[in-house]
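The values are calculated or read from the model by the stated rules, or taken from the named source; none is laboratory data. Source: prediction; values computed, not measured. Cβ placement follows ideal geometry from the backbone for every residue including glycine, while neighbour counts extend to all protein chains displayed.
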Amino acid sequence: MDSGTHITDRDTCTGYHIQDRKGKWDKMGRIERFWARLRNGEVLVADGAAGTYLQSQGLGAGRAPEVWLFEQPDRIGAMHRAYIQAGADLILTCTFGGTRYRLKREGLSDQVSEVNRRAAELARQAAGDEVLVVGDMGPTGQLLKPLGATTREEVAEAYAEQAVGLIEGGVDLLLLETMSDLEEAKAAIEGVRRVTDLALICTFSFDTHGRTMMGIRPAQAAREMAPWVEGIGANCGRDPAEFPGFIQDMRQVAPEAVLWAKPNAGLPQLVGAQAVYTATPTDMAEIALRLVAAGAQVIGGCCGTTPAHIAAMAAALRGKQRVESLVPETVDHTE
Ligand SMILES: [Zn+2]
């Protein structure tokens, strides 16, 4: 049952706490089950891409997926259900660009609360009581001072604002993903912690020769982030075959951390006007097994992955346990 998670007083946290009491109890059950499964060493499956998948369903290139929360909510719900049917234990809200900075591009920067709450409600409806809803938050796209014009405080506030909308809509935990800048990630964590003590996961995109665009390596990201969040990891890089090495590097410096991996299905190749992702479901299933061997415990897909990819990965991961001692990866770690 999913009753009790809806709220009518949309602008106050007080409204959330009072009216959502029953929803909170349901949520505690889900979250407790989630942590119990992780403690038992179970490997869990996350969903696949939202943006590229919605484009395949007709979302115009260059349009933010968030606009479909209002224009095509049925398609957002259908996407969530497709990933759940494929075997996802967790689904992400369609809010990667849900900070005011990103929503500004779509003229939605004054609707941060509505966008995020709506997305969380749609995901919650699809997820029912067993599947977890993860509030997705991507980078703001702003450069922090002194490199850019945005202050750390402004960034923290933007994530706090997004997190409140996601929580009002009923998410179970929160994810910062595709991060590149440690300072932005830290400001985001600071902002989120001001408004909630829900579990927070932080994953980086090592898409530039094994580093983030801002030059951060997996071990450094893990070392600096692990003390502040409930899980760390990698998402959306270049070659998915690099991901087991990223996870292994993180595991070495943060052996107790819950490690998340959402690799993309390779880089898109242009075929005519169509961007085609080259990694097949079988390829991604093989990567998923290598991620388990590297120490990952929550595994899904990023750009280019579809319900077919997640189904193949979930089938490969069924019954798999977190490895207790690391299997050496034959990854070339040279520069
Ligand atoms: Zn991606």
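Brief remarks follow.
- Restricting the first member to the range 197-208 and to residues that are under 23 Å from A241 (Cβ atoms) and among the small types (G, A, S), and the second to residues that are assigned to a strand (DSSP E or B) and within 16 Å of the ligand (Cβ to nearest atom), the beta-carbon pairs closer than 8 Å and six or more apart or on different chains are S205/E177; S205/T178; S205/M179; S205/A234; S205/N235.
- Odd one out for A275 among (1) within 13 Å of the ligand (Cβ to nearest atom); (2) under 20 Å from the mean Cα position of the chain (by Cα): (2)
- Hits in the range 232-242 (condition: away from the ligand (no atom under 12 Å from the Cβ) and in contact (Cβ under 8 Å) with a residue 40 or more places away in the chain): G233, A241, E242
- Leading residue by the ranking (surrounded by the most Cβ atoms within 10 Å (Cβ to Cβ)) among those in the range 54-88 that are outside any helix (DSSP H, G or I) and more than 19 Å from the chain's Cα centre (by Cα): L59
- Among the residues of the range 243-267, those identified as small (G, A, S), part of a loop (DSSP other than H, G, I, E, B) and away from the ligand (no atom under 16 Å from the Cβ) are A254, A257.
- Subset tally (residues that are away from the ligand (no atom under 16 Å from the Cβ) and either loosely packed, with under 14 Cβ neighbours inside 10 Å or under 18 Å from D249 (Cβ atoms) (or both)) for the range 299-324: 6
- Filtered residues of the range 233-253 (kept if out of contact with any Phe, Trp or Tyr (no Cβ under 7 Å at 6 or more places or on another chain), crowded, with 20+ Cβ neighbours inside 10 Å, of a type in the set (A, V, I, L, M, F, W, C) and on the phi < 0 side of the Ramachandran plot): F243, I247, M250
- Cβ separations smaller than 8 Å between residues 6+ apart or across chains give the following pairs from the range 82-110 residues that are charged (D, E, K, R) to residues that are part of a loop (DSSP other than H, G, I, E, B) and modelled with pLDDT under 95: E106/R63.
- Selection within the range 150-186: residues that are more than 16 Å from the ligand (Cβ to nearest atom) and within 20 Å of F206 (Cβ to Cβ). The member of this set that is surrounded by the fewest Cβ atoms within 10 Å (Cβ to Cβ) is E183.
- Check on Q57, away from the ligand (no atom under 16 Å from the Cβ), in contact with a Gly (Cβ under 9 Å, 6 or more places away or on another chain) and farther than 23 Å from A257 by Cβ: no
- Residue pairs meeting the criteria (Cβ under 6 Å; at least 6 apart or on separate chains; first more than 20 Å from A88 (Cβ to Cβ), in the range 50-76; second within 16 Å of the ligand (Cβ to nearest atom)): A64/G97; E66/G97
- Just so you know, in the range 196-214 the residues that are hydroxyl-bearing (S, T, Y) and under 30 Å from R33 (Cβ atoms) include one that is farthest from the ligand (Cβ to nearest atom), and it is T196.
- Sole exception among (1) in a helix (DSSP H, G or I); (2) within 17 Å of the chain's Cα centre (by Cα) for G237, by number: (1)
- Whenever a residue of the range 257-282 is at positive phi, its partners that are part of a strand (DSSP E or B) and within 16 Å of the ligand (Cβ to nearest atom), lying with C-beta atoms within less than 6 angstrom and at least six residues away or across chains, give the pairs G266/Y277.
- Within the range 215-230, the set of residues being in contact with a Ser or Thr (Cβ under 8 Å, 6 or more places away or on another chain) and surrounded by 17 or more Cβ atoms within 10 Å (Cβ to Cβ) comprises I216, A221.
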